[in-house]
Amino acid sequence: MTDVPYIAALEEVTKTYHMGTVTLNALQGITVNVEPGEYIAIMGPSGCGKSTLLNLLGCLDRPSSGRYLLGGDDVSMMDDDELSEIRGTRLGFIFQSYNLIQQLNVVENIEVPLYYQGLPAEESRIIATVFAERVGLGDRLYHKPFELSGGQQQRVGIARALVNDPLVILADEPTGNLDSHSGTEILALFDELHRAGKTMIMVTHDDDIGRRAQRVIRLRDGRVEEDIRNG
Amino acid sequence: MDDLARHRTARRARIGFAGLWRTIKVGFKSLWLHRLRSLLTVLGIVFGVCSVIAMLAVGEGASHEAQEQIRKLGSNNIIVHSVKPTDEQKVGSQQSYVIEYGITYLDVERIRQTIPDVTVVVPGRIIRERVWNATQHIDAEIAGTVPWYPELRNLVLLEGRYFTEVEMNSRKNVCVLSEPMARRLFPLTPPIGNNVRVGSDYYKVIGVISQEAVATAAMGNIAKQENGRSNSAATPRLYIPLTAAKSRFGEILVRRSSGSMEAETVELHELIVQVHNQNAVEETSKIVEELFSRNHKKKDYELIVPLELLRQAERTKQIFNTVLGAIAAISLIVGGIGIMNIMLASVTERTREIGIRRALGAKRRDIVIQFLIETVILSGCGGIIGVGLGVLIPYFITRFSEMATIVTFWSPIIAFSISATVGLVFGIYPALRAANMDPVEALRHE
């Protein structure tokens, strides 16, 4: 284990929010190491710090103390531009409410991360089309999000998270807004990605994901309560 | 770990011109999504730009017309009119008396002797009379002048010829009609060769000439053109040799009105001094003024210097333009505030989108550019529409109201670039606000 470099590593990370006179310690010293190809589910009751942890992992926020290494670089001290760069190149986001841009069609939505990396239009169009086909939306390329079902929209979201070939895919309740049938389809897609060697971290209430994941981290009151590897 | 190494080398090429073009397309797309709102947003800019161009065109047209008229008087000329002194007009109405005033032949001689660089001095007599051709008649000014008068006043001979020195010396009863007069008196037949009657004398028409601009002191003032003496601008003129005028009408004009008789003695009504060099006009006009004020006890003359009027007209135009500029600035600022207002609303409405873009790798700068481009597109399109309307409106004004308008080529350029700048300036704040949103908060926004 020791010579395997961690793809992501949190070292004694804390996050404190100051809201007026109230101070909230959302995370109180979290240490988690993520190996390449792991499929992790972060679970816990609401208010336990799951979202905060996901925001830190997603470089949307900076820890109050501690270090966060992503792909070998300490991102906890990076400035806003550098963090944007990291998000665009090393991370893929999947959201509960899909978060597609409504005025863009399927391919254009998938292209967004590539656009911010300055990829030429023709090239990114081709890549986005390939990824759309890979998630089974080959016949919906030019549909707008509102013309798609929830399951299809989430597939667009997944394609968008994959398109920049990220180190880690982060998902926030990816099946939370889906009916059980679409949810199962999406989970099957995740399994497939896992088999393909993608590193995935998911925040979820869904025990199904918990069972499918390779490793479950349970949080309580801003601390890691348990960290179990399934089989 | 090839994967890591590959990621570590930043693969982000710079978002260059092609990227900017894509952002512009995206901007158009999201504005097109809210067509009506975008249209309403730019109305302020549209009307601002359009009114600036239209107002400038009307102003330019008006001042151009005024300057044209002044130029017709001749910028090298100094014009002296005889004016009835005001204090002599209030005399008991039952008396009969004779008023003597105005420019005299002696004045002409004095000017000739005193000022060396004066080439021509044109004496003129002007008598108001009714001119007849059979039953057609018109109230006109009969001007007794010299043969070189038209040349001096930039008048264009439209038909026939002007009278000659020979005709002047022999006091011939010949006349030249101004163009509106010819049209009025000879609506069907060609005027040349026919006779017109003034009082009991007949004059043979030998030519038709363009209507002359009338020199008035109000001329330099565009705004005042409606008032003052400009009503006389329409009075047509009949030109006859000075000598003929002198012998037919004499020097005494008699006016009878209910029981009283009023007579005026005026030797010359008008005098034109032409100066060789335009730079000497002002100096010469001072000398002429000096000559008159020394030799005339009463103020029975009026000095008009077209060059001064021209300068005055230019100053007036400058003031006019400054006022217009201020109005333009205000309306464009109002338009800009309208745009800013809508962009702020749009930023709030699209908070979620901003969060998504930030999460997917957009830097603050990218967000700023995105929103800035949208505002610039808005104000730019507004500017273009405004320029279009601003060019069309003066055209229709000229078409339907006979008011002269001139769209100078620089006014659309200036109006357009100001509107684009306004968009840029007023777009900065909403764009910065969008860029400074916390991505986490923005993603959570409903």
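The values are calculated or read from the model by the stated rules, or taken from the named source; none is laboratory data. Since this is a predicted model, take the numbers as computed values, not measurements. No Cβ is skipped: glycine too gets one built from the backbone with ideal geometry, and neighbour counts run over all protein chains shown. Areas reflect the complete protein model, heavy atoms only, side chains present, ligands, DNA and RNA absent. Shrake-Rupley method; radii C 1.70, N 1.55, O 1.52, S 1.80 Å.
A few points about this structure:
- Once the 1.4 Å probe is applied to the protein heavy atoms, the protein assembly as shown comes out at 47 Å² accessible per residue.
- In range of the label at A:N33: residues from segment A:61-96 whose backbone nitrogen is under 20 Å from the point 7 Å along Cα→Cβ: A:66-76
- Segment B:360-433, Cα convex hull volume normalised per residue, Å³: 83
- Of all beta bridges that DSSP places with both ends in chain B, some 75 percent have antiparallel geometry.
- Accessible surface ranking for A:H181, A:H143, 1.4 angstrom probe, highest first: A:H181, A:H143.
- Once the convex hull of all Cα atoms in segment A:87-144 is built, its volume per residue stands at 91 Å³.
- Fraction of alpha-carbon pairs over 32 Å apart in the protein assembly as shown - percent: 66
- Largest to smallest in accessible area, the residues B:V118, A:V13 fall in the order B:V118, A:V13 (1.4 Å probe, all protein chains included).
- Per-peptide packing, taken as the mean over residues of other Cβ atoms within 10 Å, places A:161-174, B:294-307 in the sequence A:161-174, B:294-307 from highest down.
- Net charge of neighbours whose Cβ lies under 12 Å from the Cβ of B:G207, counting Lys and Arg as +1 and Asp and Glu as -1: -1
- MRE, 222 nm, helices only [DSSP H, n ≥ 4, -39500 (n - 2.57), over the protein assembly as shown, to nearest 500]: -15000 deg cm²/dmol
- The accessible area of B:D139, taken with all protein chains in place and a 1.4 Å probe, comes to roughly 90 Å².
- Carbon-plus-sulfur accessible fraction, the protein assembly as shown (probe radius 1.4 Å, protein heavy atoms only): 56%.
- What the Kirkwood sum gives for segment B:276-400 is a hydrodynamic radius of 20.9 Å, with every pair of different alpha carbons counted.
- Kirkwood analysis of chain B, using all unique Cα-Cα pairs, places the hydrodynamic radius at 27.5 Å.
- Per-bin percent of Cα-Cα distances, segment A:94-191 [5 Å]: 2, 15, 27, 26, 20, 7, 2, 0
- Sequence-separation-based contact order of chain B, relative, with Cα cut under 8 Å and 6+ spacing, percent: 29
- Base-10 log of normalised Debye intensity for chain A (one unit scatterer per alpha-carbon) at q = 0.07, 0.10, 0.14, 0.16 Å⁻¹: -0.22, -0.46, -0.90, -1.15
- These residues, B:H34, B:H276, go from largest to smallest accessible area, 1.4 Å probe, as B:H276, B:H34.
- Chains A and B together bury some 3500 Å² of accessible area, summed over both sides, with a 1.4 Å probe.
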